[in-house]
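First up is the structure itself, then whatever we jot down about it.
The values are calculated or read from the model by the stated rules, or taken from the named source; none is laboratory data. Since the structure is predicted, the reported quantities are computational estimates derived from the model, not experimental observations. Cβ placement follows ideal geometry from the backbone for every residue including glycine, while neighbour counts extend to all protein chains displayed. Ligands, DNA and RNA are stripped out before the accessible areas are found, and what is left, the full protein with its side chains, is counted by its heavy atoms. Shrake-Rupley method; radii C 1.70, N 1.55, O 1.52, S 1.80 Å.
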Amino acid sequence: MFVLEYFKKSLLSIDYLMVVLICGLCVFGIIVIGSVTNIHINPNSSLHAQQQFAFVSGLIMFFVFSLINHKLLAKLYWPIYGFNLLLLVLTYFFGTGAANVNRGLMISFGGAQFGIQPSQYAKIFMILFLAGFIDKYKEKINNIFVLLGLAGLIAVPVYLIFQQPSLSASMVVLLISATMLFLGGLSYKYIFTALSAIIPAGALFYLDLSRGQGNFILIDRLISDFQIRRLLEFIGDPGFQTLQARTALGSGQLSGRGLYNGIINQMGILPEAHNDFIFAVIGEEFGFIGANIVLFVILILIIKCLLISHFADTLVGMLIAAGVCGMLFFQTFIHVGVVTNILPNTGITLPFVSYGGSSMWVLMISMGIVMNIHITNKQFSKEGYR
């Protein structure tokens, strides 16, 4: 009886506007992926069907995790961290992918095989781990030994993701971690110390990069050849993919060419148009208005996560919601920044819109956990706990 009452109260406390916004983005993404894969010509597109499955199954995960107590998840921060490392280590040794990129992991279940991308799951795993760790050691978070230990714990998964290689995913995990540490009470002296090291390091990195291919001192020992090539294209002449993305994005002008009418999209000359460059397709077929509506909906979700974080009844809840907020913001910023060429070409999905089963599931699970924080906040508020 208590369980049924809990479920009833939880379902009544769900922010259904958030659910509608998430579903709206997902359905719109499926429509755009249909355009990229020419669903009007080839109704049997596997990518289109797979994204529909990812959405429906992801929505189920959203509601399941919205009913699971987020505080219980945070208490399991060490097992979650260990499982995260296990997946990343398995990917490091047994990962699958194209050329020298090994980001996927094939899993057999019931005679069937399906792939997951552990670098995607690392985002929510690290959010839960950091929330639990910071809450446990909140009084000692500025102790140099605790801080160095935590830095090492963050560095290990970031390094494993970077080695896949997945620069964008490692950057997102690092930025989320920095955000959560800041909100967890990190002293400004450590922040200023880090900035004083990062800024000159960045300047030296740029100077080394500008020496040109064959004249590098250190950069070629840190990142792979194709990543160097993308950086050189960013500071010099844009590569083919970036040029096609910019042309597609601009050609849509105010209202777009219309669904299935994007010339560059329909000709299939924009690589990775279904995931890493889907914003360019949106710009071409739905124009400036359509592209900005998508960004506005994502902005509303980010604001909602911020508000849930602000009104959280515990530090754990505040940190988890803030971490998910950071994930949405950084992914959107990097994706749009790459398409518009204000950032180097490093592939990352546009939240809820781009193709990708792992990306969809991680986002749905993350938003489900945030929804549980919202439900807890609402119930505490009603029952007078604040």
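Assorted remarks:
- Cα convex hull volume per residue for the chain (Å³): 162 Å³
- Percent accessible area from carbon and sulfur atoms, the chain, protein chains only, probe 1.4 Å: 68 percent
- Unit charges on C-beta of K, R, D, E only; dipole of the chain, Debye: 800 debye
- Between Phe216 and any residue 5 or more places off or on another chain, the built amide H atoms are never under 5 Å apart.
- By the equivalent-ellipsoid construction on the alpha carbon gyration tensor, segment 1-51 comes out with semi-axes of 36, 13, 5 Å, ordered largest to smallest.
- Between Arg246 and Leu76, the contour length at 0.36 nm per residue exceeds the alpha carbon distance by 56.8 nm.
- Contour excess over end-to-end distance, with Cα ends at Phe83 and Thr96 and 0.36 nm allotted per residue: 2.8 nm
- Leu17-Leu315 FRET efficiency (beta carbon distance; Förster radius 25 Å; 0.05 resolution): 0.40
- Taking all protein chains together, Glu233, Glu139, Glu285, Glu5 sort by accessible area into Glu139, Glu5, Glu233, Glu285, largest first [probe 1.4 Å].
- Subset of Lys136/Lys378; Lys71/Lys189; Lys9/Lys136; Lys8/Lys136; Lys71/Lys378 violating a 26 Å alpha-carbon distance limit: Lys71/Lys189; Lys9/Lys136; Lys8/Lys136
- Taken over the C-alpha atoms, segment 248-352 has Rg and Dmax values of 15.9, 52 angstrom.
- Net length gained if the chain between Glu5 and Ser255 were fully extended (0.36 nm per residue, minus Cα distance): 85.2 nm
- Mean projected area in nm² (Cα convex hull; one quarter of hull surface) for segment 194-260: 7.2 nm²
- Mean projection area, nm², convex hull over Cα of segment 222-274: 4.7 nm²
- For segment 226-241, backbone phi angles converted through the Karplus equation (6.51, -1.76, 1.60; θ = phi - 60°) give residue-by-residue couplings of 5, 6, 4, 4, 5, 5, 5, 5, 5, 8, x, 8, x, x, 4, 4 Hz, Gly and Pro being listed as x.
- Calculated FRET efficiency for the pair Tyr190/Gln213, C-beta based, R₀ 30 Å, to 0.05: 0.20
- Computed 3J(HN,Hα) for segment 20-37, one whole-Hz value per residue from the Karplus formula 6.51 cos²θ - 1.76 cosθ + 1.60 where θ = phi - 60°, is 4, 5, 4, 4, x, 5, 5, 5, 4, x, 4, 4, 5, 4, x, 5, 4, 8, glycine and proline marked x.
- Dipole moment magnitude, nearest 20 debye, segment 279-386 about Cα centre, only Lys, Arg, Asp, Glu C-beta charged: 320 debye
- Rounded to whole numbers, the Karplus 3J(HN,Hα) couplings from phi for segment 149-154 are x, 5, 4, x, 5, 6 Hz, using 6.51 cos²θ - 1.76 cosθ + 1.60 with θ = phi - 60°, and x at Gly and Pro.
- Prolate/oblate/rounded label for segment 167-228 (Cα gyration tensor, a/c 1.5): oblate
- Taking all pairs of distinct alpha-carbon atoms in segment 235-308, Kirkwood radius in angstrom: 12.9 Å
- Spin-label proximity, Asn69 to segment 1-44 - amide N less than 17 Å from point 7 Å beyond Cα toward beta carbon: 1-11
- Highest-MSF residue in the chain out of Met61, Met327, Met267 [GNM, Cα springs under 10 Å]: Met267
- The GNM of the chain, with springs linking C-alpha atoms under 10 angstrom apart, assigns the highest mean-square fluctuation among Tyr188, Tyr137, Tyr159 to Tyr188.
- For Leu343, the residues whose modelled amide H falls within less than 5 Å of its own, excluding neighbours fewer than 5 places apart on the same chain, are Val338.
- Total formal charge among the other residues, if their Cβ is under 15 angstrom from that of Arg221, Lys/Arg +1 and Asp/Glu -1: -2
- Dividing the Cα radius of gyration of segment 132-182 by its Kirkwood radius returns 1.03 for Rg/Rh.
- Within a Gaussian network of the chain (alpha carbon springs, distance under 10 Å), most fluctuating of Phe288, Phe182, Phe205: Phe205
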